[in-house]
There are 2 protein chains.
Amino acid sequence: MIRLSVFYPSAEGATFDHDYYRAKHVPLCVKTWGLDSAEIDKGIDGPYVAAVHFRFESLETLNAAMSSKGTADVLADVPNYTSITPLLQTSEIVE
Amino acid sequence: MIRLSVFYPSAEGATFDHDYYRAKHVPLCVKTWGLDSAEIDKGIDGPYVAAVHFRFESLETLNAAMSSKGTADVLADVPNYTSITPLLQTSEIVE
């Protein structure tokens, strides 16, 4: 299994709408990429104000999702909830 | 629910023993802190060479675990698998 994590680094003056993120943006990602669910983090302490973790069956499935038509709409939605440029991490879930 | 994520930023010349991490270090954390399990990531692309995600019932449970006697042994074990200083993130799991 592959985990795609998206992190939003906190910064002076940065904005992040957690409600919109949970109610609109992440559901759009899940629907666009044909996933069952996603895990959403609201930062309490540490470098990130928020994060999301998606699971994909394989790197091929992840790459197919990222290059699918709907991904442009996902990216275009980002300014609707944050001024932060997200940081992406792809990992193999070893356990 | 609270997520404690521990990230290992990749860096020139940094070492990380994924086998030891999975077989010895993370099980030591799980046992020390009385958890059921943990999720281990092996980095493929992005800023981190590895990560682990622990779940705690509450911030109180997390703080109690961190200040428990065994945590010193957990920290003392870090040089056995990596030269990297880990980065900690505490988050509320909102979904």
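The values are calculated or read from the model by the stated rules, or taken from the named source; none is laboratory data. This is a predicted model, so every value here is computed, not measured. Virtual Cβ from ideal backbone geometry, glycine too; neighbours counted across all protein chains shown. When the accessible area is computed, the model is the full protein with side chains, heavy atoms only, and any ligands, DNA or RNA have been set aside. Shrake-Rupley method; radii C 1.70, N 1.55, O 1.52, S 1.80 Å.
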Environment charge of B:P79, counting only residues whose C-beta is closer than 14 Å and scoring Lys/Arg +1, Asp/Glu -1: -2
Overall dimensions of the protein assembly as shown by Cα: Rg and Dmax, Å: 16.9, 52
Ascending list, in nanometres, of distances separating the B:M66 label from those of the other copies (7 Å, Cα toward Cβ): 3.2
Accessible surface ranking that places the most exposed of A:T85, B:T90 first, with a 1.4 angstrom probe: A:T85, B:T90
Ellipticity estimate at 222 nm from DSSP helix runs (n ≥ 4, -39,500 (n - 2.57)) divided over the protein assembly as shown, nearest 500: -6000 deg cm²/dmol
Candidate residues A:H53, A:H18: accessible-area rank, largest first, probe 1.4 Å: A:H18, A:H53
5 angstrom amide H check on B:I84, placed H, neighbours 5+ away: B:T15
Set of lysines with alpha-carbon distance to A:K24 below 21 Å, sequence-local pairs under 8 removed: A:K42, A:K69
Distance (nanometres) between label positions extended 7 Å along Cα→Cβ at B:T15 and A:L75: 4.0 nm
At least 40 Å² accessible surface lost relative to isolated chain, residues of region B:24-43 (1.4 Å probe): B:E39, B:I40, B:D41, B:K42
Heavy atoms of A:S68 accessible to a 1.4 Å probe, total area in Å² rounded to 10: 40 Å²
Check: region A:1-42 dipole with +1 on Lys, Arg Cβ and -1 on Asp, Glu Cβ, in debye: 160 debye
Average Cα contact separation per residue, chain B, under 8 Å, 6 or more apart, as relative contact order %: 52 percent
Virtual spin-label span in nm between B:N63 and A:N63, 7 Å along Cα→Cβ: 4.7 nm
Accessible surface, 1.4 Å probe, highest first, among residues A:I93, A:I44: A:I44, A:I93
Calculated diffusion of chain A, Stokes-Einstein form, Kirkwood radius summed over Cα pairs, 10 °C and 1.306 mPa s, µm²/s: 115 µm²/s
Label point 7 Å beyond Cα along the C-beta direction, distances from B:E95 to other copies (nm, shortest first): 3.1
